[in-house]
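In what follows, a single structure is set out as structure tokens and then discussed.
The values are calculated or read from the model by the stated rules, or taken from the named source; none is laboratory data. Because the structure is predicted, anything quoted here is derived from the model rather than measured. Quick reminder, even Gly has a Cβ in these numbers, built from the backbone with ideal geometry, and neighbours come from all protein chains shown. Note: accessible area is taken over every heavy atom of the protein model, side chains too, but ligands, DNA and RNA are not part of it. Shrake-Rupley method; radii C 1.70, N 1.55, O 1.52, S 1.80 Å.
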Amino acid sequence: MGKEYCGNFSTGYTVLPNAEGRLPGNETTASYKANPARIPATGQVLRFTCTAFLPIIGIATIMKFALSNLFGTITGGNMQPATDEDMPCRQAACEERGKRRGTALREQTAEIIRNKCLAGSQPKEGPLSIGGNMTVRKSHLFMLAVLVVLLTFSFSEAKLSDMDEACLGCHQMDQTLKFGNGETLSLKVNPAEVEKSVHRIIGCSTCHGFTSDNHPQRSYKSRKEFTSLSARKCRQCHDTKENTIHEKLIRESATNTTCTDCHGAHAVKRVRELSKGNQYCLTCHNKELEVHYKDGHKEMAIVDEAVLNKSVHKNLSCVDCHVMVSAEEHPVRRFQNKRDFSIVMAENCRRCHFDKYSRTLEGMHFKQLIEGNANAPICSDCHGTHAIASARKDKLANAQKCEKCHRDVYAIYAKSVHGAALIKENIEDVPICSDCHKAHDNAGPHTANFRISVPQICASCHANKEVMQKYGLSTKVIDTYLQDFHGVTMKFYRQYGQTEKKIAVCIDCHGVHDIARVKNQNAAVVKQHLLKRCQKCHADATANFPDSWVSHYEPNIKKAPMVYLVDLGYKIFIPFMIIGLLLQIILHLWRYAVNR
Amino acid sequence: MYTANREYIKRFGPARIIEHWLNAGTFVLLVVTGLAQKFYDYEISQWVIMTFGGIDTTRLVHRYSGIALAILTVQHILVASFGILFRKWQPSMIIHLKDFRDAIDNIRYYLGLSEYPARCDRYDYKQKFEYWGVVVGGILMAATGLALWFPTMVTRLLPGQFIPTAKALHTNEALLAFLVIVTWHIYNAIFSPEVLPLDTVIFTGKITQERMIHEHPLEYERMFGVKLPQHHDEDEEAGNASSTTS
């Protein structure tokens with residue numbers, strides 16, 4: 001066989017001799033031939049073995065522990081050694097506790113505990129070590145065979161053992177346990193719960209260590225201490241290392257988070273049975289689980305289902321946003337702090353909202369973020385996380401999102417004609433921050449491009465007749481601006497992207513966030529304010545200067561009589577003159593033609 | 001003496017010719033850069049402005065051409081005043097009552113109500129109209145242009161409304177000047193059947209005796225001390241026609 005092929009077990013491919021019958025050696029890789037046909041044969045056998053025997057082995061393992069606790073004959077050879085260094089191995093305390101127990105069961109429990117401690121310190125010695133030798137495995141297999149038979153009976157009727165019935169004899173009644181800190185715990189156990197539990201076969205004492213005839217009194221400082229100590233028993237059978245998040249939770253917050261928090265105690269169920277459909281993750285994440293960041297901060301990873309159901313994302317499942325996590329896998333990721341986590345998470349929004357995401361790349365918030373300002377807003381800062389709501393609905397709420405960081409600007413805005421209308425009168429026609437600055441691709445107001453786009457921004461409302469009519473405002477403001485010196489200049493600047501020189505746009509006279517009402521205001525006061533604005537560019541402007549702007553009105557006999565009359569005069573005079581001259585030309589030509 | 005004489009009579013010296021062309025040049029520049037600003041929405045205006053290198057450059061060109069035209073206007077007034085006062089130049093551009101009569105007579109003649117056209121002196125009423133249009137318009141344009149250039153200085157003394165008024169005057173007067181030039185002046189200098197294909201007087205400074213007699217009979221009479229018959233052109237034309245046909 002060795003001559004015929006060299007198997008590659010890691011991939012399942014076998015290398016066969018090539019056409020010339022030569023064995024692969026120094027030839028090029030092209031002469032290698034894989035024979036996938038062989039794989040199914042091997043694979044099928046393996047798969048069959050696994051499917052057929054693994055459940056039996058699994059059940060047998062559980063049973064073995066159940067019996068080992070009952071008879072105390074099997075050593076803890078398969079016990080998981082507590083290599084976890086975070087959990088202090090209080091060997092002395094363990095032994096002390098072991099001595100206090102007289103019975104075989106107590107001996108055994110003490111043994112388990114002791115073994116755990118010893119295995120932690122000398123993991124490779126003796127038959128206790130994990131992954132042990134053949135002796136251990138043989139006894140293991142023997143026990144399995146016996147237990148399979150026993151199990152068959154156990155499964156056939158979901159009844160509790162006599163021993164458990166004995167426990168429940170007392171624990172069905174209302175009793176309470178008092179803890180050192182005054183907390184109490186009901187000791188009542190619902191037998192129905194236990195019967196339905198997946199653990200019904202292992203019996204009370206496997207986890208609790210007590211039997212009906214051996215029930216020492218113990219005291220705990222708090223309920224938490226009790227549950228965390230009780231939950232340690234789970235690890236006798238369940239390898240927390242299989243799932244990294246379990247390992248982490250238990251290691252990092254052994255006193256806070258225990259197995260029973262999620263899985264239940266007496267009514268212990270599989271997670272799949274506990275969870276309901278879409279909200280699988282909530283099985284654990286409705287518990288007070290702690291997230292630890294590298295900087296030492298902790299946070300509850302609790303998610304309120306009610307909040308989720310109100311969000312626009314209620315039909316999505318958790319893993320649509322929380323990628324990398326699934327029902328099977330929950331890798332432990334460690335972030336420096338909560339902000340880092342949020343920033344990384346916000347990257348997932350683009351999976352659906354790519355248009356918005358790509359626009360944010362042009363925004364100044366994103367620019368700040370990549371420049372290292374971790375406080376620059378990300379998607380979730382404005383839109384929220386689990387409580388994500390539609391961004392279009394509430395204008396005031398949208399404006400208030402900006403307020404979170406831009407407090408001073410918001411305060412000014414709130415007093416402006418726009419802000420006051422929104423906040424006090426709830427008029428939603430007024431612009432909010434994002435209407436002028438844009439929500440995602442807000443390039444920043446200090447750029448020249450923003451400046452020259454201002455008239456267009458204002459025009460989006462002030463040239464809209466429908467909206468302006470409601471408030472009795474003129475829509476000519478844009479045209480009158482564009483026809484004037486500043487407007488024409490601005491138009492050309494905009495056209496060829498002139499960005500260096502500044503030219504007055506709407507905000508230079510009307511203000512930016514502090515835009516005030518001009519209509520029906522005291523003309524003298526308006527003019528006085530306007531002069532100050534003029535002087536920003538025209539430093540030598542005097543009191544008369546603001547009048548050189550005839551405001552946003554077409555010149556008329558009342559507002560600007562001189563301009564109106566001059567215009568009117570020329571309107572009559574130019575056609576009169578030109579028509580007269582043309583007539584004379586025609587007459588001249590006619591006379592010339594007649595004279596010939 | 002005057003019949004079929006192809007002799008040229010000197011009409012303008014080189015100074016006047018140069019002055020005309022300088023005026024024309026700055027005027028064209030002003031019209032191009034000015035109208036592009038007035039009618040900024042048209043594609044051609046945008047092309048003009050872009051060709052000049054943007055709105056700021058266009059305005060700069062406009063302003064400096066404006067200064068040039070203002071200087072030309074002022075120097076003309078000064079030179080003419082000096083000539084009239086100290087060099088015994090004839091104030092032949094002065095508008096007389098006769099010019100109005102001439103205009104009416106000419107129109108009557110065109111309409112066939114009168115037998116003869118008006119008999120004009122060195123400058124006929126059409127030329128005087130254009131001349132004063134340029135002089136008065138030039139002063140007006142310079143004044144309003146400066147007001148628009150330095151609005152803060154103007155508003156120190158004058159009410160603010162003078163600035164938009166200046167703009168209204170400037171822009172309307174410019175349009176008027178432009179239209180008069182393209183219709184009246186260009187017609188009279190190029191397309192009028194009397195000068196077609198081109199009136200060369202402003203290039204050479206000389207006018208044919210024939211045209212002189214026809215267009216400026218009074219000056220011709222004064223110049224040569226002769227008395228032309230009232231109906232000279234009909235006679236002449238009839239004579240020419242018979243001589244060519246026979």
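Which FRET efficiency, nearest 0.05, do A:GLU305 and A:GLU466 yield, Cβ-Cβ r, R0 51 Å? Efficiency computed from Cβ-Cβ geometry: 0.75. Which of the listed residues, B:MET93, B:HIS170, B:PRO217, is farthest toward the dipole's positive end in segment B:8-245, when Lys, Arg count +1 and Asp, Glu count -1 at the beta-carbon? So the residue furthest toward the plus end is B:HIS170. Counting only Cα atoms, the size of segment B:134-191 along its three principal axes is 48, 16, 14 Å, in decreasing order. Once you charge only the Cβ atoms, +1 for Lys and Arg and -1 for Asp and Glu, what is the size of the charge dipole of segment A:445-554 about its Cα centre, to the nearest 20 debye? It works out to roughly 180 debye. Accessible surface area normalised per residue over segment B:1-87 is 61 Å², counting heavy atoms of protein chains with a 1.4 Å rolling probe.
Phi-derived couplings, Karplus 6.51 cos²θ - 1.76 cosθ + 1.60 at θ = phi - 60°, listed residue by residue for segment B:182-199: 5, 8, 6, 5, 5, 4, 5, 8, 10, 8, 4, x, 6, 10, 3, x, 6, 7 Hz, with x used for Gly and Pro. Per residue, segment A:314-467 exposes 61 Å² of accessible surface when a 1.4 Å probe is rolled over the protein heavy atoms with every protein chain present.
Note on A:LYS338 and A:GLU193: the model spin-label points, each 7 Å out from Cα along the C-beta direction, lie 3.3 nm apart. Only Lys, Arg, Asp and Glu carry charge here, each on its Cβ (+1 for the first two, -1 for the last two); on that basis segment B:8-245 has a dipole of about 1100 debye about its Cα centre.
The alpha-carbon atoms of segment B:8-245, seen along their principal axes, cover 65, 45, 36 angstrom, with the largest extent given first. Below 14 angstrom from the Cβ of B:MET141, what's the summed charge of the other residues (Lys, Arg +1; Asp, Glu -1)? Around B:MET141, the charge tally is +2.
In this structure the amide hydrogen of A:LEU177, modeled in the peptide plane, comes within under 5 Å of the amide hydrogens of A:LEU185, A:SER186, A:LEU187, none closer than 5 places in sequence on its chain.
Computed over chain B, the per-residue total of -39500 (n - 2.57) for DSSP H runs of n ≥ 4 gives a 222 nm mean residue ellipticity of -22000 deg cm²/dmol, rounded to 500.
Summary of the geometry: segment A:166-190 and segment B:123-154, compared by the centres of their Cα atoms, lie 110 Å apart.
Sorting A:316-329, A:383-396, A:201-214 by their mean Cβ neighbour count within 10 Å, with the most densely packed peptide first, gives A:201-214, A:383-396, A:316-329. Between chain B and chain A, the total buried accessible area stands at approximately 4200 Å², from heavy atoms with a 1.4 Å probe. Charge dipole (Cα centre; +1 on Lys/Arg Cβ, -1 on Asp/Glu Cβ; no other charges) of segment A:380-496 amounts to roughly 40 debye. Among the protein heavy atoms of segment A:289-336, carbon and sulfur supply 54% of the accessible surface, probe 1.4 Å, non-protein parts ignored. For peptide A:581-589, the mean count of partner chain Cβ atoms within 10 Å of a residue's Cβ comes to 6.
A:ARG451 sits among other residues whose Cβ lies under 14 Å from its own Cβ, and their net charge, with Lys and Arg +1 and Asp and Glu -1, is +3.
3J(HN,Hα) along segment A:410-426: 4, 4, 5, 4, 4, 8, 6, 4, 6, x, 5, 5, 6, 6, 8, 9, 6 Hz, from the Karplus curve 6.51 cos²θ - 1.76 cosθ + 1.60 with θ = phi - 60°, whole Hz, x for Gly and Pro. In whole percents, the pair-distance distribution calculated for segment A:429-479 from its alpha-carbon pairs, binned every 5 Å from zero, is 5, 19, 25, 23, 15, 10, 3. When the charge dipole of chain B is built from unit charges on Cβ atoms (+1 for Lys and Arg, -1 for Asp and Glu) and taken about the Cα centre, the candidate among B:PHE203, B:ALA118, B:GLY160 whose Cα reaches farthest toward its positive end is B:GLY160.
For the pair B:THR57 and B:LEU85, label points projected 7 Å from Cα toward Cβ lie 4.3 nm apart. Once the Cα atoms are used to define both axes, helix B:43-52 deviates from the longest principal axis of chain B by about 80 degrees.
Amide H contacts under 5 Å for A:VAL291: A:GLU299, A:MET300, A:ALA301, restricted to partners 5 or more places along the chain or on a different chain, H placed in the peptide plane at 1.01 Å from N. With respect to chain B, whose longest principal axis is taken over its alpha-carbon atoms, helix B:97-111 is tilted by about 70°. Within the shell defined by Cβ-Cβ distances under 12 Å, the residues around A:LYS491 carry a net charge of -2, with Lys and Arg each +1 and Asp and Glu each -1.
Axis angle, to the nearest 10 degrees, between helix B:14-38 and the longest C-alpha principal axis of chain B: 40 degrees. All C-alpha to C-alpha distances of segment B:5-84, sorted into 10 Å bins beginning at zero, yield P(r) values of 17, 36, 23, 16, 8, 1 percent in whole numbers. Using a cut-off of 24 Å between alpha-carbon atoms, which lysines can reach A:LYS367, once sequence neighbours fewer than 8 places away in the same chain are excluded? Within the straight-line cut-off, A:LYS367 pairs with A:LYS338, A:LYS356, A:LYS401, A:LYS404, A:LYS438. Rg and Dmax, both from the Cα atoms of segment A:445-554 and both in Å, are 14.1, 40. Gain on full extension, evaluated as 0.36 nm per residue between A:ALA327 and A:GLU165 minus their Cα-Cα distance, stands at 54.8 nm.
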